[in-house]
Amino acid sequence: MGLFGKKPAATVDQAQLEQMQKSMESREAELIYRQGIVTMRDLIAPPSIEVESAYLRLGKRYCKTIYVYGYPRQVFTGWLSPIINLDELVDLSLFIYPVESQVVLTNLRRKMGQLEASYSINQEKGLVRDPGLEAAIQDAEELRDKLQVGEERFFRFGLYLTMYADTLDNLNQTTRKIEGIFGQSLVYTKPTTMQMEQGFNSTTPLGTDQMQISRNMNTGALSTSFPFTSSELSRNEGILYGLNRHNNGLVLFDRFSLENANMVVFAKSGAGKSFAIKLEALRSLMMGVECIIIDPEDEYKPLCEAVGGTYLRLSLASKTRINPFDLPRVFDQDEADNALQANIISLHGLLRLMMGGATVNTSTGATLSSPLSPGEEADLDAAIINTYARAGITRDPLTHSATPPTMNDLYNTLASMTGTGPGLAQRLRQYTTGTFSGIFSEQSNVELDNPFLVFNIRDLEDALRPVGMYIVLNYIWNKVKSDRRKRLLIIDEAWQLMKYDDSANFMFSLAKRARKYYLGLTTISQDVEDFLGSKMGRAVVANSSLQLLLKQAPSATDIIAETFKLTQEEKNRLSQFPVGEGLFFAGLNHVIIRILASDTETQLISTNPGGTKTPPPTGGEAQ
């Protein structure tokens, strides 16, 4: 029996031993596994830390901490804004310690006694008055009164800044720049020499003040150090324009919320201006904003087809027809009564271009024309009115639904008149039966009801370009007047229109009047000097609340800096911006913006000749 009794005990001991061995192996395996895992602390910590008396070296990067020890008697609101918006890598910590008002009042009472005693002694000795002593007494009295009634509170305030750079020279340069900015406001700083590690720890997100260097401040003075003063263009409505490089925030903005929705875009070729505006047009369309585009380089066709828009190619070889005699559909009764008269006035300007001997100097691009005489103007006016009358259209709005006449009908009317009529008809013949016939002498075969409408003028002949642009702009203006809703009118390469007086005047009129009709005019140009060199171009800029300045040619930076009142730093950056990055002005706010687009958006709007479908690093790309 004894033998039988020992065998189970030996079996149990062996099982426990095996289990213990397996448990130890499991713990060893878990320990090895945990040692091989990268912890969060490993990811945050730098690979090495080198502590010197005047700086720290974190891995390959240098850093230095400074603290503020002196303030002027008065500080203005936002005095920290230049530091926060500085394009340097800086960590900033503010430590605020409330102090009991009763303790402060007791100390102020004692301090007031000392100050007044010093003032009395100076008077008894007949010394020259001390303005600093008088100011101290006045400030202490004022602060004591406000503390007594609870209007102010008292705090201890500590401010530390840690700057980072890749080299020691760059670190010293950044330090001098920040000290200079502080010095302009009479704010004095010192480096945390021999305490760099403690200074660095005081600016980490741990919230530990290891320096304990603070200054007395009341509520009013402390409020001026409010740190969230960086330029911000993020709102609850609007579209995404890009990334704010000042603070990595989103530039989310509605251009129709400003006093006017006009925008000018200046950039050199390849800087990404067309990319940025096509991106804005696509996103605006999704928000219910109609887009009308004048495309001089056939860039908008893929985007137009992708969104189901209407693409109109204007040229003698195109089947597109636009009748200048079309009357707009007007819903307002007062404007309906004047619709015919307004269109006749517009036709006068058009016919002056067509019959005034308008030609284009191919070397300079200038329009050469001889004006019509007063007699010719009078006969032309009568001919236009009679041409409408023969089609059954008078000033009565009920007749405006009749089929409008065409340029051929006006030619026949002039030819049948006496006086200067036949001569004017001869000058008009090239647009009716001559070389330029068809495109503007027949009934319209296009509709402008599509929310995305593109006029391609790339193939429009040079001699026809002034006439074509005048008709297109007038056609658009009639649509804008007749049906008021949010619209964007985008004119790419606008410098080409500024060469012609009539189209330049029309653009100026649009810029001034667009706000009343819920229209946002966007003018894009790479020839900055020609655009801003004309009176009308400068007027268009003056009537635009938004400006987007991407990378510029060095020769254009001076005129742009003068026009937009840029700082020296902004001027220096203009010629150094990467593709898709620039200055964005919206009213009084301006930020450095980086244009961002998704892969799908990039595929729709990319105009890279290589045909790449990958968005560039900065979100924009060459035209």
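Report yes if Ala383 is among the small types (Gly, Ala, Ser) and modelled with pLDDT of 85 or more, otherwise no. Explain how you work it out, then say what you get.
Working: among the small types (Gly, Ala, Ser): yes; modelled with pLDDT of 85 or more: yes.
So Ala383 fits the description; yes.
With respect to Asp599, is the statement that it is among the charged types (D, E, K, R), surrounded by fewer than 17 Cβ atoms within 10 Å (Cβ to Cβ) and at pLDDT 85 or above true?
Numbers: among the charged types (D, E, K, R): yes; surrounded by fewer than 17 Cβ atoms within 10 Å (Cβ to Cβ): yes; at pLDDT 85 or above: yes.
Here the answer is yes, as Asp599 does meet what is asked.
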Next item on the list: For segment 40-56, indicate whether the set of residues that are of a type in the set (A, V, I, L, M), modelled with pLDDT of 80 or more, surrounded by 10 or more Cβ atoms within 10 Å (Cβ to Cβ) and touching a Cys at 6+ places or on another chain (Cβ under 6 Å) is non-empty.
Entry: yes
Next item on the list: Evaluate the following for Arg255: is it in the same structural domain as Asp527 (by TED's automatic domain parsing), surrounded by fewer than 20 Cβ atoms within 10 Å (Cβ to Cβ) and within 20 Å of the chain's Cα centre (by Cα)?
Entry: no
Notebook entry, point to check: Which of the residues belonging to segment 142-200 are over 15 Å from Tyr69 (Cβ atoms), crowded, with 18+ Cβ neighbours inside 10 Å and among the hydroxyl-bearing types (Ser, Thr, Tyr)?
Noted result: Thr162, Thr174, Thr175
Check: Is it true that some residue in segment 446-464 is free of Cβ contacts under 8 Å to residues at least 40 places away in the same chain and either farther than 24 Å from Ala382 by Cβ or touching a Gly at 6+ places or on another chain (Cβ under 7 Å) (or both)?
Finding: yes
Note to self: Can you go through Ser118, Ser93, Ser101 and tell me which one is surrounded by 12 or more Cβ atoms within 10 Å (Cβ to Cβ), under 20 Å from Met211 (Cα atoms) and either assigned by TED's automatic domain parsing to the domain that holds Ala135 or aromatic (Phe, Trp, Tyr) (or both)?
What the structure shows: Ser93
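Looking for something closer than 28 Å to Asp449 by Cβ, at pLDDT 85 or above and surrounded by fewer than 23 Cβ atoms within 10 Å (Cβ to Cβ) - is there at least one such residue anywhere in segment 465-484?
Kept after step one, since they are closer than 28 Å to Asp449 by Cβ, are these residues of segment 465-484: 465-484.
Next, from what is left, pick out any that are at pLDDT 85 or above: none.
Within segment 465-484, not a single residue is closer than 28 Å to Asp449 by Cβ, at pLDDT 85 or above and surrounded by fewer than 23 Cβ atoms within 10 Å (Cβ to Cβ).
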Check: Thr174 passes all but one of (1) among the β-branched types (Val, Ile, Thr); (2) closer than 30 Å to Thr106 by Cα; (3) touching a residue at least 60 places away in the same chain (Cβ under 8 Å); which number fails?
Finding: (2)
Item checked: Search result, residues across segment 129-163 that are hydrophobic (A, V, I, L, M, F, W, C), at pLDDT below 80 and out of contact with any helix residue (DSSP H, G or I) (no Cβ under 8 Å at 6 or more places or on another chain) -> Ala135, Val149
Notebook entry, point to check: For segment 242-255, does any single residue satisfy the condition of being within 30 Å of Arg57 (Cα to Cα), assigned to a strand (DSSP E or B) and either at pLDDT 90 or above or β-branched (Val, Ile, Thr) (or both)?
Noted result: no
Item checked: Positions within segment 447-463 being at pLDDT below 80 and touching a Phe, Trp or Tyr at 6+ places or on another chain (Cβ under 9 Å), in sequence order -> Leu448, Glu461, Ala463
Item checked: Subset of segment 57-78 (residues that are at pLDDT below 85 and under 34 Å from the mean Cα position of the chain (by Cα)) -> Val75, Phe76, Thr77, Gly78
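For every residue, the table says whether it meets (1) surrounded by fewer than 16 Cβ atoms within 10 Å (Cβ to Cβ); (2) in the same structural domain as Ala342 (by TED's automatic domain parsing).
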position: Ile292; (1), (2): no, no
position: Pro296; (1), (2): no, no
position: Tyr300; (1), (2): no, no
position: Cys304; (1), (2): no, no
position: Gly308; (1), (2): yes, no
position: Leu312; (1), (2): no, no
position: Pro328; (1), (2): no, yes
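Quick check on my filter: what residues within segment 66-109 are of a type in the set (Val, Ile, Thr) and not in a loop (DSSP other than H, G, I, E, B)? Full working, then the answer.
First pass over segment 66-109, keeping only residues of a type in the set (Val, Ile, Thr): 66, 68, 75, 77, 83-84, 90, 96, 99, 103-104, 106.
Residues satisfying the conditions are Ile66, Val68, Ile83, Ile84, Val90, Ile96, Val99, Val103, Val104, Thr106.
Quick one: is Ala494 touching a Ser or Thr at 6+ places or on another chain (Cβ under 7 Å) and closer than 26 Å to Lys268 by Cα? Explain how you work it out, then say what you get.
Working: touching a Ser or Thr at 6+ places or on another chain (Cβ under 7 Å): yes; closer than 26 Å to Lys268 by Cα: yes.
Yes: the conditions hold for Ala494.
The values are calculated or read from the model by the stated rules, or taken from the named source; none is laboratory data. Quick caveat, the model's predicted, so the values are computed rather than measured. Here the Cβ is made from the backbone with ideal geometry for all residues, glycine too, and neighbour counts use every protein chain on show.
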